[in-house]
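**Student:** My questions all concern the structure below.
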Amino acid sequence: MIKFNIMPMLRAKGRTRYWLAKETGMSYPNIAKLVDGKTLAVRLETIEALCQVLECTPNDLFLIDYDKPEGSPSGK
């Protein structure tokens, strides 16, 4: 299962989800869905905005959990 690595990056910078929403111009509910793994599709524009604000590469944004197959309910 592929998931976002956003919260550890925000913690390292001393920032919040609200800050990220404000900086990217995205709504807070959309940021919450990304962080909580409730999003199945992400636009390239969203990835680019996250990378610019978090000063990272797309590789930094994602983690792969090989023990939880993609498509399993809640990754279980």
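**Student:** For the range 3-17, how many residues are in contact with a Phe, Trp or Tyr (Cβ under 7 Å, 6 or more places away or on another chain) and either part of a loop (DSSP other than H, G, I, E, B) or exposed (fewer than 13 other Cβ atoms within 10 Å of the Cβ) (or both)?
**Tutor:** Qualifying residue count for the region: 1.
**Student:** Is one or more of the residues making up the range 18-30 among the basic types (Lys, Arg), exposed (fewer than 12 other Cβ atoms within 10 Å of the Cβ) and at pLDDT 95 or above?
**Tutor:** Looking for residues that are among the basic types (Lys, Arg), exposed (fewer than 12 other Cβ atoms within 10 Å of the Cβ) and at pLDDT 95 or above, one finds none in the range 18-30, hence no.
**Student:** For residues that are open to solvent by less than 30 Å² (accessible area, probe 1.4 Å) and touching a residue at least 40 places away in the same chain (Cβ under 8 Å), scanning just the range 47-65, find the one that is farthest from residue 23 (Cα to Cα).
**Tutor:** 61
**Student:** Among the candidates 44, 40, single out the residue that is modelled with pLDDT under 90 and open to solvent by 70 Å² or more (accessible area, probe 1.4 Å).
**Tutor:** When all the criteria are applied, what remains is 40.
**Student:** Right, something else. Specify which of the listed residues (68, 33) is of a type in the set (Lys, Arg) and either open to solvent by less than 50 Å² (accessible area, probe 1.4 Å) or touching a residue at least 60 places away in the same chain (Cβ under 8 Å) (or both).
**Tutor:** Going through 68, 33 in turn, the sole match is 68.
The values are calculated or read from the model by the stated rules, or taken from the named source; none is laboratory data. The model shown is predicted, which means the values in this text are computed figures rather than measured ones. In this analysis, Cβ positions are derived from the backbone assuming ideal geometry, glycine residues included, and neighbour counts consider all displayed protein chains. The accessibility values were calculated without ligands, DNA or RNA, using every heavy atom of the protein model including side chains. Shrake-Rupley method; radii C 1.70, N 1.55, O 1.52, S 1.80 Å.
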